[in-house]
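These notes are about the structure you will find just below.
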Amino acid sequence: MRTELLELVMCPHCHASLAVQGEIEDGHVWQGALVCQGCGVRYGVDNGIPHLYVDDERWAPKAREAQGWIDFHKDKGIYDQTGVDIDFILPYYDQEPWISVAQHFDVALDLMALDGSEKVLDLGAARTWAAKHFALRDCNTVALDIVADDQIGLGRGWALMQEAGVEYHLVVGDSENLPLQPDTFDFVFAAAVLHHTSDLPLLLRNVYRVLKPGGALIAANEPCIPVATDSEQALERDAAEELAYGINESRPNLFDYWSALDGAGFVDLDIFPVQAYRLSDVQLEAWSLEMSVVASPLGRTPVQRWPHVIAGCLRRWRDLWGKPNPLPPARSRREALNRAILLHRGGGICLLAHKPIETTPAKLHPDKVG
Ligand SMILES: C[S@@+](CC[C@H](N)C(=O)[O-])C[C@H]1O[C@@H](n2cnc3c(N)ncnc32)[C@H](O)[C@@H]1O
Ligand SMILES: [Zn+2]
């Protein structure tokens, strides 16, 4: 780790600042520790990566998951990166799932419009390919994950940095107890990470805390199930293998994402199926009609399609019946269409959420107001 990281991190136990214990070589600490200036807890630095977590019952499921990711990759024969080097070009690798990941990442980059002045956190960074792209755009970047492993975790970041000629910070830590200073990052980027938490509201409150006022969370490549689908059944169908490895998995729907973001204090929420981003209004309208997630005016619908339209109406009514709806009125027709697609069909989503420029005391301390 470079010593500049000390300005960005804090003790995950008491939130005080940390100081280096060990040798500093050219501004780097490779082996040693960071010691809390408040509670005195000592956090190891190994292979240049500080391990900023408290090894307690909250960390235990994360440690299980971290080992699960290693075993999963080994059992699939995709663990050893020696001579493979595909991760040097990620996410632009011409095979699934990377074709789809690249589509999500390009949308995220477009939304972020980085100019190099930003501080960016790559949350759940794994091998840190996204962090590398932020560093290539001159951003001050931190990659954080629960996996330190040098093949499929943060440790692989050293090879990526060397190959790309950039530097960024690596931190082992927990998204549900971020060891990072408040009001620090312009962007928190998370790809396929939110659905690996067992407590989405807690993760989002952590993200909110470390964002600067006016900063934004950009989550990409997250699953969003239809509201009528049972999340336990979706997990059994899509994630049984990962769960067997001890990997935490969840399958939120649009209501789950929205209420957790709103509850954490985020504003200007935009959640949409990734394919919708590059569609014109007319194309999005046509896609929504094709999936019968919106009602077309009957007067303009050819007679032979009426049974289809009526069946769609009945399904939409059945999907939402009796469900408390946390969504405020849609701000535009596009938003209404995106919502309809996600509520009734689900899909892979991108999500953009802002921390307000002026954080209201009412949101932060509801019990202290009025
Ligand atoms: C599906 S992988 C995605 C990795 C990477 N973002 C990508 O798109 O290739 C999910 C990542 O989230 C990490 N993760 C899971 N739970 C976490 C937590 N509580 N804190 C930080 N990272 C976590 C996992 O270790 C894993 O690297
Ligand atoms: Zn402390």
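The values are calculated or read from the model by the stated rules, or taken from the named source; none is laboratory data. If you're wondering where the values come from, they're calculated on a predicted model, not measured in any experiment. A quick note on method: Cβ atoms are made from the backbone with ideal geometry, for glycine too, and the neighbour counts reach across all protein chains shown.
The table for this structure:
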quantity: Those residues of region 188-209 which are more than 8 Å from ligand 1 (Cβ to nearest atom), touching a Leu at 6+ places or on another chain (Cβ under 9 Å) and among the aliphatic types (A, V, I, L, M), in sequence order; calculated: V188, L194, L200, L204, V207
quantity: Of the criteria (1) in contact with a Lys or Arg (Cβ under 9 Å, 6 or more places away or on another chain); (2) part of a helix (DSSP H, G or I); (3) of a type outside the set (G, A, S); (4) within 11 Å of ligand 1 (Cβ to nearest atom), which one L160 fails; calculated: (4)
quantity: Residue under evaluation L351, criteria (1) assigned to a helix (DSSP H, G or I); (2) at pLDDT 95 or above, criterion not met; calculated: (1)
quantity: Candidate set from region 229-265 (those that are of a type in the set (G, A, S) and assigned to a loop (DSSP other than H, G, I, E, B)); member that is surrounded by the most Cβ atoms within 10 Å (Cβ to Cβ); calculated: G265
quantity: Residues satisfying the stated conditions in region 166-195, i.e. within 16 Å of ligand 2 (Cβ to nearest atom) and assigned to a loop (DSSP other than H, G, I, E, B); calculated: G173, L178, P179, Q181, P182
quantity: Residue tally, condition in contact with a His (Cβ under 8 Å, 6 or more places away or on another chain), closer than 24 Å to K119 by Cα and away from ligand 1 (no atom under 16 Å from the Cβ), over region 9-44; calculated: 1
quantity: Within region 140-152, considering residues that are surrounded by fewer than 24 Cβ atoms within 10 Å (Cβ to Cβ) and not aliphatic (A, V, I, L, M), the one nearest to ligand 2 (Cβ to nearest atom); calculated: N140
quantity: Tally, over region 121-137, of residues that are assigned to a loop (DSSP other than H, G, I, E, B) and either touching a residue at least 24 places away in the same chain (Cβ under 8 Å) or not assigned by TED's automatic domain parsing to the domain that holds E167 (or both); calculated: 5
quantity: Those residues of region 53-63 which are surrounded by 19 or more Cβ atoms within 10 Å (Cβ to Cβ) and either of a type in the set (S, T, N, Q) or within 15 Å of ligand 2 (Cβ to nearest atom) (or both), in sequence order; calculated: Y53
quantity: Which listed residue is within 16 Å of ligand 1 (Cβ to nearest atom), of a type in the set (S, T, N, Q) and assigned to a loop (DSSP other than H, G, I, E, B), from Q81, Q67, Q103; calculated: Q81
quantity: Candidate set from region 84-99 (those that are within 11 Å of ligand 1 (Cβ to nearest atom) and part of a helix (DSSP H, G or I)); member that is surrounded by the most Cβ atoms within 10 Å (Cβ to Cβ); calculated: D87
quantity: Residue in region 64-71 that is under 22 Å from L170 (Cα atoms), in the same structural domain as N248 (by TED's automatic domain parsing) and either surrounded by fewer than 12 Cβ atoms within 10 Å (Cβ to Cβ) or without any contact (Cβ under 8 Å) to a residue 60 or more places away in the chain (or both) present; calculated: no
quantity: Members of region 18-52 found to be free of Cβ contacts under 8 Å to residues at least 60 places away in the same chain, at positive phi and either away from ligand 2 (no atom under 13 Å from the Cβ) or assigned to a strand (DSSP E or B) (or both), listed by number; calculated: G22, D26, G27, G32
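To keep it simple, each residue is scored yes or no on (1) among the charged types (D, E, K, R); (2) over 24 Å from F189 (Cα atoms).
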{"site": "L8", "(1), (2)": "no, no"}
{"site": "G38", "(1), (2)": "no, yes"}
{"site": "E57", "(1), (2)": "yes, yes"}
{"site": "G77", "(1), (2)": "no, yes"}
{"site": "I89", "(1), (2)": "no, no"}
{"site": "Y92", "(1), (2)": "no, no"}
{"site": "F105", "(1), (2)": "no, no"}
{"site": "D110", "(1), (2)": "yes, no"}
{"site": "A113", "(1), (2)": "no, no"}
